[in-house]
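Engineer: Next up is a structure, given as structure tokens.
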Amino acid sequence: MKTCKFSKSAAMVSWSRLLAGIPLLFLSLWVAPLQAQPTVATKEYEVKAAFLFNFARFVEWPTNAFNSPQAPLVIGILGTDPFGAALNEIVRGEIVNGHPLIIQRYRNIEEVQTCHILFISSSEARRLEQIFRSLRGKNVLTVGESDGFAHSGGIIRFIADQNRIRFRVNLDAARAAELTISSKLLRAAEIVKPGQD
Amino acid sequence: MPTTHTPIQRKLMVIILLTAVTALLATRTGFFIYEYVTFRDAVRRQVATVSHVIAANSSAALAFKNAEDANEILAALRAETHIAAAALYDSSGALFARYPADAPNNIFPSAPGLSGYRFEKLSVVGFEPVTQGDKFHGTLYLRLDAGVILREWLRDSIVITVIVIAGAFILAYLISKRLQKQISVPILALAETAKAISLRQDYTVRVPTRTGDELGLLTDAFNQMLERIHNQSLALQERERRFRALIEQSADAIAVIDAEYNFTYLSPSISSVIGFSAAELINSHSIDQVHPDDAPTVRDTLNRLRTEPGKPFRLVWRSQHKDGQWLWLEGMVTNLLSDPAVKGIVANFRDVTERIRAEAEVRKLNTTLEQRVVERTAELESVNKELESFSYSVSHDLRAPLRHITGFADMLMNRSKAKLDETSQRYLDIISNSAKQMGVLIDDLLVFSRMGRAELRHTQVDTAALVDEVRQDLATDIGSRRITWHIDELPIVHADRAMLKQVWVNLLSNAVKYTRNRDEAAITIRCRENEQGMWEFSVADNGAGFDMQYAGKLFGVFQRLHTAEEFEGTGVGLANVQRIIIRHGGRVWAEGKVDIGATFYFTLPIPEKSPHDNTKTDSADRR
């Protein structure tokens, strides 16, 4: 439902969105040279970036996952960033349940501090076990695309199926991370059974 | 139930049933409209609900571009048989999923429209945005074929309506069939009675009263009306009998003739009047019964009374009795042609033959009588005149020998007084005196006869002066006597002075004469205006008086209450007084008591303008 008039709260939202955008701008200006350079994303990764963003809407985090109701929802990318600018564009100005979305990129798992959705790049496929261990007990929705990702403890794995992108969900891992995944998302997903993936 | 009774009952029934059905139809129509509106609303809400659920469920499928999932979600609409088509559009507006899965593209809108659901012809069509949180993922399109539902609903509605109305109709019929009797039965009873009355003219019939409502009142009123009609017709019959009896017992014959003067009614008494019976004369022409000499008058009167309806005309005519004798008839004829109760000219008449004959005789007698009276009066008048002139001439002629007797008796006395003895002298005196007395008598008679004949010469007469004059003339008679006079103020009157003087001379000389034996004579003259507006004079004395039982004789000629020895007189004076006063238009009378006195009254008319004020007379006592 779209509201046409600018109510007070709508105005505030746009302001806060603007304010949130300023540090992001600086951050990107500062951080960008240090971080791995965003490369030009393929069509596949544009879709995946959108999915990544959509996950934020179909997953519920426990309240203690946020410092405050207005605390940002952090989407982290660990390892090589395959999305290029696509993810930044999708996420720009978006707010989910009062949380502004921000993107953080990490070179290694140690850098991960507060993170809600962590895309674990294929570059980190060999270190998955270590990564999942260090994330244990944290409310992080792990998303990956390497083989056996979901099976080895990741929560959502992108899979390609006849030129379409699907995903597979490990409900046990989600439960372990105290995350509630919307049944609607589950409808669109494959559920990982033990021994699969 | 008799067929003649059916209409009102059927009318009542039809009214009740029509009313019931109309009311039901009206209610049902209102209800139908309400149902239709709520039904449409419900359908729309239902579609909205379904679309809500689908839209909510399909957000993930859209978000994650899972067309299979989306189609699967839409396929669940199979359960809703009336959903004709559904589709999901992605956020860019491209068709993403469809229902039915094999539906061609052209049944779906090429792009999503405004959100919300609305009726389009017989379908509910609408779009609903698919969101997750506040993120727009796409649009749901839904089309529900409401035609079938509407048809079903309409069919159910009509079936229910028909059943309800049919049930109500039957129920109303059963109820009204019983209840309408409360109204129809008393009305039918009334109608039955009214019919019976109009057929039999029997006003003694009564309708039984059953209810206390208006119908009961109507019945009561009807019964009362019958009662009154009954009473009135009885009274009318009674009155007609009475009038008929009056007419038929009447000695007068009563006839009614029409505008052509033919008899239309004749009372039975006609036969006792002219011998013909009513039956013999009815329808014959009335003028034919009239004597030919009277016919023009009768016809003329009838024509005249035609112009004056209601006015009675008196008419006398002759008609021939059955026995051939002519009768005089008299009657009153009245034009009642315009009176709706009569429509004729009414004549009531009787036989007046005897009366007419008697009248004619009386008239004849009267004319001869008058003739005779005139003749006799003329006779008497001439005889009277002859008598009067005879007595005048006799009186006149008697005076000459009398003068001779007295004259020669006196001369004899003077010449031979010494030669005559005393007895002869006494005889001679008696002769002389008797002759003188006879002279006086003759004079009086002459006066009396003159009074009757002489013409009155009216002048203004000062009564006071006249009375004074008379008293002067009486001075010798009074001589040395003591008389107390009391005289009122006396008026000027209009009279013949010489005659009026005679009156006063007579009255005053009488008063003086009859008080002769009184030591203290008193004579009072009074005058007043009496109740008839005349002067009333009176002369009262305390003289010898008279017995009232002879008062009538006082004013007759030669009538005397005293002997000549007691009081001299001829007995003509008061007769003269009466004659004069009557000729002046007055009246004279007297009152008296023996040895107490007498009062003589007379009246004179007061002229129009009596110069009473000029008659100031000294009212002091005069001697």
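Engineer: Spin-label point model (7 Å from Cα, Cβ direction): what's the B:Ser382 to B:Glu565 distance in nm?
Structural biologist: For B:Ser382 paired with B:Glu565, the spin-label model returns 4.8 nm.
Engineer: Average partner chain C-beta neighbours within 10 Å, per residue of B:127-133? Let's see the in-between values first.
Structural biologist: Values: counts 0, 1, 2, 0, 3, 8, 7.
Per residue, the average neighbour count from other chains is 3.
Engineer: Would you mind giving the mean number of other chain beta-carbons within 10 Å of the Cβ of each residue in B:56-69, as a whole number?
Structural biologist: 6
Engineer: Hey, which of these cross-link pairs are over 27 Å Cα-Cα: B:Lys322/B:Lys343; B:Lys436/B:Lys501; A:Lys138/B:Lys65?
Structural biologist: Numbers: B:Lys322/B:Lys343 29 Å; B:Lys436/B:Lys501 24 Å; A:Lys138/B:Lys65 30 Å.
Result: B:Lys322/B:Lys343; A:Lys138/B:Lys65 exceed 27 Å.
Engineer: By per-residue mean of other Cβ atoms within 10 Å, what is the highest-first order of B:238-248, B:160-170, A:111-121?
Structural biologist: So the order, starting with the most tightly packed, is A:111-121, B:160-170, B:238-248.
Engineer: While we're on this one: Return the aspartates and glutamates within reach of B:Lys121: Cα separation strictly under 17 angstrom, same-chain partners fewer than 8 residues apart disregarded; answer none if there are no such residues.
Structural biologist: Partners within reach: B:Asp41, B:Asp145, B:Glu152.
Engineer: Nearest 100 Å² is fine: what is the total accessible surface buried where chains B and A meet, probe 1.4 Å?
Structural biologist: Counting protein atoms only, the buried area is about 1600 Å².
Engineer: If you take the charge dipole of the stretch B:354-453 about its Cα centre, with +1 on Lys and Arg Cβ and -1 on Asp and Glu Cβ, which of B:Ser424, B:Leu387, B:Gln437 is farthest toward its positive end?
Structural biologist: The one lying farthest along the dipole's positive direction is B:Ser424.
Engineer: Can you figure out the FRET efficiency of B:Ala235 with B:Glu354, using R₀ = 41 Å and their beta-carbon distance, to the nearest 0.05? Intermediate results must be reported in sequence, preceding the final value.
Structural biologist: Details: r = 41 Å, r/R0 = 0.99.
Plugging the Cβ-Cβ distance into 1/(1 + (r/R0)^6) gives 0.50.
Engineer: Show me the three semi-axes of the equivalent ellipsoid for chain B, from the C-alpha gyration tensor (sqrt of 5 times each eigenvalue), largest first, rounded to whole Å. Kindly include the intermediate steps, with their values, before the conclusion.
Structural biologist: Details: eigenvalues 4209, 424, 103 Å².
Those come to 145, 46, 23 Å.
Engineer: Evaluate the Debye formula for the protein assembly as shown with equal point scatterers sitting on the alpha carbons, no solvent, and hand back log10 of I(q)/I(0) at q = 0.05, 0.07, 0.09, 0.11 Å⁻¹, in q order, two decimals.
Structural biologist: Per q value, in the given order, log10 I(q)/I(0) is -0.69, -0.88, -1.03, -1.21.
Engineer: Across bins of 5 angstrom width beginning at 0, how are the C-alpha pair distances of the stretch B:476-522 distributed, in whole percent?
Structural biologist: In order of increasing distance, the bins hold 5, 18, 23, 22, 16, 11, 5, 0 percent.
Engineer: Here's a follow-up. Hey, which aspartates and glutamates would be in cross-link range of B:Lys593, C-alpha to C-alpha under 18 Å, not counting anything within fewer than 8 residues on its own chain?
Structural biologist: Of all the aspartates and glutamates, those that pass the test against B:Lys593 - Cα under 18 Å, at least 8 places apart if same chain - are B:Glu520, B:Asp541, B:Asp547, B:Glu566.
Engineer: Averaged across the residues of A:54-60, what count of C-beta atoms belonging to other chains lies within 10 Å of each residue's C-beta?
Structural biologist: Average neighbour count from other chains, rounded to a whole number: 4.
Engineer: Still on this structure: Let's test the formula: R0 of 30 Å, r as the Cβ-Cβ distance of A:Gln162 and B:Val53. What FRET efficiency results, to the nearest 0.05?
Structural biologist: About 0.55, to the nearest 0.05.
Engineer: What residues from the stretch B:256-290 fall in the zone where the backbone N is under 11 Å from a label point 7 Å along the Cα-to-C-beta line of B:Arg314?
Structural biologist: Once the point is set 7 Å along Cα→Cβ of B:Arg314, nothing inside the stretch B:256-290 turns out to lie under 11 Å by backbone N.
Engineer: So what are the radius of gyration and Dmax for the Cα set of the stretch B:189-280, in Å?
Structural biologist: In Å, with Rg to one decimal and Dmax whole: 21.8, 66.
Engineer: Carbon and sulfur atoms: what percent of the 1.4 Å accessible area of the stretch A:127-173 do they account for?
Structural biologist: Of all accessible area on the stretch A:127-173, carbon and sulfur atoms account for 42 percent.
Engineer: For a quick size check, give me the Cα extents of the stretch B:250-351 along its three principal axes, largest first, whole Å.
Structural biologist: Result for the stretch B:250-351: principal-axis Cα extents of 36, 27, 21 Å.
Engineer: Also, quick follow-up: Per residue, how many Å² of accessible area does the protein assembly as shown show with a 1.4 Å probe? Each step should come with its number before you reach the end.
Structural biologist: Numbers: 47600 Å² over 820 residues.
Per residue, the protein assembly as shown has an accessible area of 58 Å².
Engineer: Give the percent of DSSP beta bridges with both residues in the protein assembly as shown that are antiparallel, rounded to the nearest 5.
Structural biologist: 80
Engineer: Evaluate the Debye formula for the stretch B:78-213 with equal point scatterers sitting on the alpha carbons, no solvent, and hand back log10 of I(q)/I(0) at q = 0.10, 0.11 Å⁻¹, in q order, two decimals.
Structural biologist: Debye curve over Cα of the stretch B:78-213, log10 I(q)/I(0) at q = 0.10, 0.11 Å⁻¹: -0.58, -0.64.
Engineer: If I fit a long axis through the Cα atoms of helix B:146-200 and take the longest principal axis of the Cα atoms of chain B, what angle between them do I get, 0 to 90°, rounded to 10?
Structural biologist: Value to nearest ten degrees: 30.
Engineer: Taking the inverse of the average 1/r across all pairs of different Cα atoms in the stretch B:455-615, what Kirkwood radius in Å do you get?
Structural biologist: 16.1 Å is the Kirkwood radius here.
Engineer: Given R₀ = 22 Å, FRET efficiency for B:Ala475-B:Asp410 by Cβ-Cβ distance, to 0.05? Mind showing how you got there, number by number?
Structural biologist: Values: r = 26 Å, r/R0 = 1.20.
Plugging the Cβ-Cβ distance into 1/(1 + (r/R0)^6) gives 0.25.
Engineer: Hey, what angle do you get for helix B:6-57 against the long axis of chain B, alpha-carbon based, 0 to 90 degrees rounded to 10?
Structural biologist: Helix B:6-57 sits roughly 40 degrees off the main axis of chain B.
Engineer: For the peptides B:311-323, B:26-38, what is the packing order when you average, over each peptide's residues, the other Cβ atoms within 10 Å and list the highest mean first?
Structural biologist: B:311-323, B:26-38
Engineer: Taking a cut-off of 17 Å between Cα atoms, list the aspartates and glutamates near A:Lys184, but don't count ones fewer than 8 places away on the same chain.
Structural biologist: By straight Cα distance, A:Lys184 reaches A:Glu60, B:Glu68, B:Asp69, B:Glu72, B:Asp90, B:Asp134.
The values are calculated or read from the model by the stated rules, or taken from the named source; none is laboratory data. Quick caveat: nothing in here was measured; it's all calculated off a predicted structure. FYI the Cβ positions are ideal-geometry reconstructions off the backbone, even for glycines, and counts take in every protein chain you see. Heavy atoms of the whole protein, side chains included, go into the accessibility calculation; ligands, DNA and RNA do not. Shrake-Rupley method; radii C 1.70, N 1.55, O 1.52, S 1.80 Å.
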